[in-house]
Structures are given as C-alpha cells and as structure tokens.
Amino acid sequence: MIAGLLVFMVFMSVILALWEIQIEGKDGWAGNLPCWRIEKGWILKLTNGRPITGYHFFMTLFLIAMVHLPLFFVPWSWRLECLLIGFYVGMVFLEDFLWFILNPHYGIKNFRKGKIWWHKRWWGPVPDLYWILIAIIVVLIYFGRTAI
C-alpha cells in the first residue's frame, strides 16, 4: 500500500509542477502574478523569508482540503492524519523540485544557490528546507503507514 501511495505522490507532484509552470512560467514564487503578497513582518519567519502570496495561500488550502478527501469515507485517526499530512508535504516537496527540473526556463543546470532567489539558504546541493521536509515526510509516513 505504501508503495502505491508513493507512486501516486510522484504522479500528483508531476501534474502539480507542470500546472504551476503553466501559471508562473519563468517567474517563480508568483513573481508576476496579480495576487496579494505579504513581504514584510514577523510572519515571514514562518516562510524562511519568502513572501506570502495569495496564490500560494489558496493553493495550499486547496491541496490540504483535497488530500483530506478520504476522511469522507473512512474514520479519522492520528495515524491516518500523519499519512495524509506526510503525503501532502511529500507531494509539495517533490512538486517544488520538479518545477525547476521540468521548467524550460530553469532546468537542473540552474538548480543551485544564487540562481533561485526564494531559496536563500542551501545545505550542499539543495535548499536547506528540502532536508527538513525529507525528515518530516519520512517520520509522518512511517507513523501513518499502518493507517491503510
């Protein structure tokens, strides 16, 4: 079951990355989208200094709601919640990486420090956030693995 979930996670990440490339084009992090944005204040500590945009806010709400769709069919449990949140975090983590790989304006050659303004801190070859998200994904899916 977990293998199927992971395959579906990759599938959804590819679709989301391609969709977001169509929306944002070469201007990542909603750089040229007509949406509201918060660029100053304490709340940016939650986003590692990235602006909070209307686009990302509502996309996040939509994706979290869609990931919780199974709760209309099965009883809620902490293990299931861990699995669902692990799936969500894994999906947006992979989508972010795939956005660069699949975007013709970036590609793998431009996936590095200094080329992507919204990823400010890097640990080795990837943004620091990636390492943190990988740990969160592994822990959540591990605890949620018996929910299905």
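The angle between the Cα long axis of helix 2-24 and the main principal axis of the chain comes to about 30°, on a 0 to 90 degree scale. Between VAL14 and ALA135, the simple spin-label model (points 7 angstrom out along Cα→Cβ) gives 3.1 nm.
For the chain, the longest principal axis of the alpha carbon atoms and the long axis of helix 78-102 meet at an angle near 30°.
What are the trypsin sites (Lys or Arg not before Pro) within the stretch 1-90 that DSSP puts in a loop, where the Cβ has at most 15 other Cβ atoms within 10 Å? Sparse-neighbourhood loop trypsin sites (Lys or Arg not before Pro): LYS26, LYS40.
Inter-label distance, LYS40 to VAL126: 3.5 nm, where each label sits 7 Å from its Cα along the C-beta direction. Each listed q (0.32 Å⁻¹) maps to a log10 I(q)/I(0) for the stretch 51-95, found by the Debye formula over equal Cα scatterers with no solvent: -1.15. Can you give the Rg to Rh ratio of the stretch 10-96, both from alpha-carbon atoms, with Rh computed by the Kirkwood formula? A ratio of 1.02. Per-residue ellipticity at 222 nm, computed for the chain from helices alone with -39500 (n - 2.57) per DSSP H run of at least four residues, works out to -18500 deg cm²/dmol.
Extents of the chain, largest first, come to 43, 31, 28 Å (Cα atoms, principal axes, whole angstrom).
Laboratory data are not the source of any read-out in this text; all were calculated from the coordinates shown. Every value quoted in this text rests on a predicted model; they were computed, and no experiment measured them. Counting neighbours? That spans all protein chains shown, and the Cβs are built from the backbone with ideal geometry, glycine included.
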